[in-house]
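Read through the structure below, which is laid out as structure tokens, and then see the notes.
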Amino acid sequence: MAFNTQQLKHALIDKKIVTATVFDQLAKEALGKKQEVADLLVDKKIVNEEKLAQLAAGFYEVEYKDLKELDQIPKDALFLVPEPIARRHKVIAFGKDKDKLNLGMVDPSDLETRDAIKKKSELQVAPFLISKSSLEFGLKQYHTSLEAEFAKIISKQNEQPLAPDSSTASAVNEKLKEMAEEIPVVRVVDTLLEYAIFEKASDIHIEPQEKEVMVRYRIDGVLHDVMTLPKIIQPALIARIKVISSLKIDEHRLPQDGRFKVQKDNYNISFRVSTIPVFDGEKVVMRLLDESVKAMTLEELGFIHRNYEVIVRNVKKPHGALLVTGPTGSGKSTTLYTVLSMLNSKGVNISTIEDPIEYRISGINQTQVNPKIGLTFAMGLRALLRQDPNIIMVGEIRDAETAEEAVHAALTGHVVLSTLHTNNAAGAFPRLLDIGVEPYLIASTVNAVVGQRLTRQLCEDCREEYKIDKAFEETLKKDFNIEALLEVMKREKFIAAKVKSLAEVPFFRGKGCDKCSHTGYRGRKGIFEVLEVSAVIQDLIMKRTPTSQIEQKAVEEGMVLMWQDGFIKSIQGRTTIEEVIRVSRE
């Protein structure tokens with residue numbers, strides 16, 4: 001419920017619902033179960049949810065409203081707050097009177113949400129406190145209203161007779177196109193896109209289920225359910241996305257790829273669209289790329305101390321390759337763009353071959369691959385070598401032909417930047433060997449390899465300092481070499497030389513607030529490991545040494561492992577131990 005534990009305690013004691021002793025026992029039990037006290041009270045049927053809501057309303061001096069008493073929420077009020085916003089911020093617009101909007105809120109103290117809705121709707125907001133069950137009732141109204149609207153659209157389409165000379169397939173195709181232009185369909189898609197941009201989502205997932213369509217956003221690396229749509233909307237929704245992405249509207253059996261842009265005064269977002277047939281229809285995933293984002297510096301990305309120095313030292317070399325490794329969505333392209341921006345000057349010719357061009361950089365010649373006409377990474381790279389380049393970026397090395405061209409470019413006096421899909425920095429060398437590159441070519445051309453992951457960043461408005469206990473440190477020792485970590489922290493001067501245990505070191509965590517939607521996190525940045533190819537490492541590559549031995553030698557030479565970099569950032573207040581553990585296991 002909206003008020004905190006002590007406020008709840010006083011309210012319940014005042015109403016003689018529980019005694020102080022009983023409440024303290026329940027609070028202790030809730031803590032052990034990692035559950036809210038209010039939820040435990042409802043589960044144990046000590047007090048019902050609506051009674052709790054009424055108590056909270058009295059505390060906040062706002063009216064209480066049971067939405068379940070309404071037969072139906074008026075659509076003109078309901079849709080003033082799009083479903084994703086209603087679901088995420090736990091609000092329902094249930095009535096409108098001239099210039100006033102009645103807004104049911106689980107937490108009426110959320111002033112930021114109230115102000116945002118006031119600005120968006122251009123109406124005065126009158127807050128009411130509602131229970132969670134009232135919220136669920138309100139959210140179901142979106143489903144019911146949309147289902148009714150789409151039923152009308154489909155009914156209208158079915159009433160239209162087919163042209164005598166038209167084939168069934170082409171007629172269905174035309175109907176889908178017409179449905180894709182209907183106002184409710186356009187409104188749903190526009191809402192999905194607008195809210196994803198507002199929430200700084202990196203991906204939108206539209207997933208057909210047996211009886212509904214789920215919409216999820218990936219925000220700060222984690223997927224969140226944001227909307228449930230009626231099954232009846234599915235054909236028109238997919239058709240609308242295909243129309244704006246210039247995809248074949250009548251192709252349902254094969255995967256398709258497309259793209260489109262959304263440009264407004266304050267943002268310029270490019271969407272990469274991928275469709276694939278699944279059991280219950282077609283799944284759509286849209287990747288959001290903010291083309292208005294300015295390039296960051298290596299320090300802003302999160303490169304610290306030795307990692308920063310190794311990168312700078314190696315990109316200043318007149319030739320050779322810098323490789324960035326990590327899984328999909330780990331920020332590899334952002335790192336390469338940052339290095340490119342750092343090297344970008346009038347005295348050099350920089351050319352790239354990418355798929356896709358994610359960020360536009362002034363002064364750099366950027367080429368988009370197009371396999372349909374034969375413009376692959378390898379072909380594009382061969383063409384770039386005839387353009388008198390100093391620095392070349394290849395979006396990804398994914399086959400032997402591209403790898404061979406990239407290695408020869410690095411060997412013949414060019415600086416080459418590229419990415420590989422491996423789990424860590426040392427894994428780049430066996431990967432190149434598997435692709436078919438000779439060991440002597442790898443050893444003589446690769447200057448350094450960066451391995452990276454993205455961790456969620458702590459919200460600066462609600463982070464707090466704390467210290468772990470000995471029991472948790474012992475648990476960490478099962479997965480991590482804590483003694484080696486302490487030595488690295490001392491060597492890099494992040495902790496004092498006298499520290500003997502992680503329990504002595506202050507860490508940070510997020511309490512959760514309105515600014516971070518009560519997650520404790522806001523935004524993402526990288527944790528890194530940077531492997532510099534020394535003479536000893538070159539010798540190991542020539543001998544086709546396993547990844548673990550190459551990594552061990554790099555650590556002996558001073559490399560900070562990725563998880564160690566994560567722990568360092570967790571004592572700096574940038575992320576949490578839990579995040580480092582999560583991404584280290586991916």
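Annotations for the structure displayed:
- Of Ile361, Ile373, Ile350, all but one fail to be of a type in the set (A, V, I, L, M), under 25 Å from Ile442 (Cβ atoms) and either touching a strand residue (DSSP E or B) at 6+ places or on another chain (Cβ under 8 Å) or at pLDDT below 90 (or both); the exception is Ile350.
- If you go through the range 378-405 and pick out every residue that is within 28 Å of the chain's Cα centre (by Cα) and either aliphatic (A, V, I, L, M) or open to solvent by less than 10 Å² (accessible area, probe 1.4 Å) (or both), you end up with 3.
- Residues that are of a type in the set (Lys, Arg) number at least 1 in the following helices (runs of 4 or more DSSP H) confined to the range 382-466: 428-435.
- Restricted to the range 277-324, and to residues there that are β-branched (Val, Ile, Thr) and more than 24 Å from Gln572 (Cβ to Cβ), the residue that is surrounded by the most Cβ atoms within 10 Å (Cβ to Cβ) is Val284.
- When Cys462 is tested against (1) open to solvent by less than 40 Å² (accessible area, probe 1.4 Å); (2) of a type outside the set (Phe, Trp, Tyr); (3) under 30 Å from Ala409 (Cα atoms), exactly one condition is not met: (3).
- Contacts under 6 angstrom Cβ, first residue in the range 115-133 being outside any helix (DSSP H, G or I), partner buried (at least 16 other Cβ atoms within 10 Å of the Cβ) and basic (Lys, Arg), 6 or more apart: Val125/Arg114; Phe128/Lys65; Ile130/Lys65
- The range 517-528 residues that are in a strand (DSSP E or B), paired with ones that are among the charged types (D, E, K, R) and surrounded by 18 or more Cβ atoms within 10 Å (Cβ to Cβ) (beta carbon under 6 Å, 6 or more apart): Tyr521/Asp220; Tyr521/Arg456; Arg524/Asp220; Arg524/Arg456; Ile527/Arg453; Ile527/Asp565; Phe528/Asp565
- Within the range 406-436, if we keep just the residues that are out of contact with any strand residue (DSSP E or B) (no Cβ under 7 Å at 6 or more places or on another chain) and open to solvent by less than 10 Å² (accessible area, probe 1.4 Å), the residue that is nearest to Asn365 (Cα to Cα) turns out to be Leu432.
- Residue ID - nearest to Lys98 (Cα to Cα), chosen from residues in the range 112-140 that are surrounded by fewer than 19 Cβ atoms within 10 Å (Cβ to Cβ) and of a type in the set (Ser, Thr, Tyr): Ser121
- Options Ser274, Ser245, Ser345; residue that is without any contact (Cβ under 8 Å) to a residue 40 or more places away in the chain and open to solvent by less than 20 Å² (accessible area, probe 1.4 Å): Ser245
- Looking across the range 348-373, the residues that are open to solvent by 10 Å² or more (accessible area, probe 1.4 Å), touching a residue at least 12 places away in the same chain (Cβ under 8 Å) and outside any loop (DSSP other than H, G, I, E, B) come down to Asn365, Gln366, Thr367, Gln368.
- The single residue among Lys470, Lys490, Lys498 that is within 17 Å of His305 (Cβ to Cβ) and over 31 Å from the mean Cα position of the chain (by Cα) turns out to be Lys490.
- Any hit, the range 46-56, residues being open to solvent by less than 60 Å² (accessible area, probe 1.4 Å), touching a residue at least 24 places away in the same chain (Cβ under 8 Å), closer than 26 Å to Lys16 by Cβ and in contact with a strand residue (DSSP E or B) (Cβ under 7 Å, 6 or more places away or on another chain): yes
- Residue satisfying all of: in the range 251-271; of a type outside the set (Gly, Ala, Ser) and crowded, with 16+ Cβ neighbours inside 10 Å; nearest to Lys569 (Cα to Cα) among these: Ile269
- Residue in the range 89-98 that is open to solvent by 50 Å² or more (accessible area, probe 1.4 Å), modelled with pLDDT under 80 and more than 27 Å from Ile241 (Cβ to Cβ) present: no
- Evaluation of Glu207 against (1) within 30 Å of His518 (Cα to Cα); (2) open to solvent by 30 Å² or more (accessible area, probe 1.4 Å) (one fails), failing number: (2)
- Considering the range 520-540, the residues that are charged (D, E, K, R) and touching a strand residue (DSSP E or B) at 6+ places or on another chain (Cβ under 7 Å) include one that is nearest to Gly320 (Cα to Cα), namely Glu532.
- Selection status of Arg453, farther than 30 Å from Val536 by Cα, buried (at least 19 other Cβ atoms within 10 Å of the Cβ) and either without any contact (Cβ under 8 Å) to a residue 24 or more places away in the chain or not β-branched (Val, Ile, Thr) (or both): no
- Residues being more than 25 Å from Met296 (Cα to Cα), within 32 Å of the chain's Cα centre (by Cα) and exposed (fewer than 14 other Cβ atoms within 10 Å of the Cβ) - total across the range 508-557: 2
- Against the criterion of being farther than 19 Å from Leu135 by Cβ, surrounded by fewer than 18 Cβ atoms within 10 Å (Cβ to Cβ), modelled with pLDDT of 75 or more and touching a strand residue (DSSP E or B) at 6+ places or on another chain (Cβ under 8 Å), Asp76 qualifies.
- Among the residues making up the range 544-586, those that are of a type in the set (A, V, I, L, M, F, W, C) and part of a helix (DSSP H, G or I) are Ile550, Ala554, Val555, Met562, Trp563, Phe567, Ile568, Ile571, Ile577, Val580, Ile581, Val583.
Condition check ((1) hydroxyl-bearing (Ser, Thr, Tyr); (2) open to solvent by less than 20 Å² (accessible area, probe 1.4 Å); (3) touching a residue at least 12 places away in the same chain (Cβ under 8 Å); (4) within 23 Å of Leu139 (Cβ to Cβ)) across all residues:
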residue: Tyr195; (1), (2), (3), (4): yes, yes, yes, yes
residue: Asp203; (1), (2), (3), (4): no, yes, yes, yes
residue: Val213; (1), (2), (3), (4): no, yes, yes, yes
residue: Val226; (1), (2), (3), (4): no, yes, yes, yes
residue: Leu229; (1), (2), (3), (4): no, yes, yes, yes
residue: Gln234; (1), (2), (3), (4): no, no, yes, yes
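- Arg240 open to solvent by 10 Å² or more (accessible area, probe 1.4 Å), modelled with pLDDT of 90 or more, closer than 30 Å to Arg574 by Cα and not aromatic (Phe, Trp, Tyr): no
- Selection count where residues are under 15 Å from Val324 (Cβ atoms) and polar (S, T, N, Q), scope the range 292-309: 1
The values are calculated or read from the model by the stated rules, or taken from the named source; none is laboratory data. Bear in mind that the values here come from a model prediction, so they are computed numbers and not experimental data. Positions of Cβ are generated from backbone atoms using ideal geometry, with glycine treated the same way; all protein chains shown enter the neighbour counts. Quick note on the areas: whole protein, heavy atoms, side chains included, nothing else; ligands and nucleic acids left out. Shrake-Rupley method; radii C 1.70, N 1.55, O 1.52, S 1.80 Å.
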